[in-house]
Amino acid sequence: MFGWLRNRTRGVIHGEPGTLSAMRTGQIGVVVEVLGGHGVVERLAALGIRPGKKFTKVSSMFLGGPVTVEVDRGHVAIGRRMADKVLVRVVQR
């Protein structure tokens, strides 16, 4: 009945690319690519989220709230839609 919810909460598997919003809390990842237009790429780069950058997912809200990540010893909150445009590779659980 709630198949969409079960599939959404599985997280990103170690070493395989996925989106930032699909990662689980506490996972450490590296940004592979930022999808989207120039404005999205520049906005995320200004927040420290750019390809090759290592970060930790701190928290996310259930059913579509903001996603919080730790980048360069600072916490950054971005919207779920923007987090869906960040492709990441999990390096550690």
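Relative to the current alpha-carbon distance between R73 and R43, full extension at 0.36 nm per residue lengthens the span by 8.9 nm. Fraction of C-alpha pairs exceeding 17 angstrom in the stretch 19-93: 32 percent, rounded to a whole number.
In this simple spin-label model, placing a label point 7 Å from the Cα along the Cα-to-Cβ direction at both L35 and V58 gives a separation of 2.6 nm.
Read-outs: derived from the displayed coordinates by stated rules, not from any lab. Nothing here was measured: the structure is a model prediction, and the numbers come from that model. Don't worry about glycine lacking a Cβ; one is built from the backbone with ideal geometry, like all the others, and counts go over all protein chains shown.
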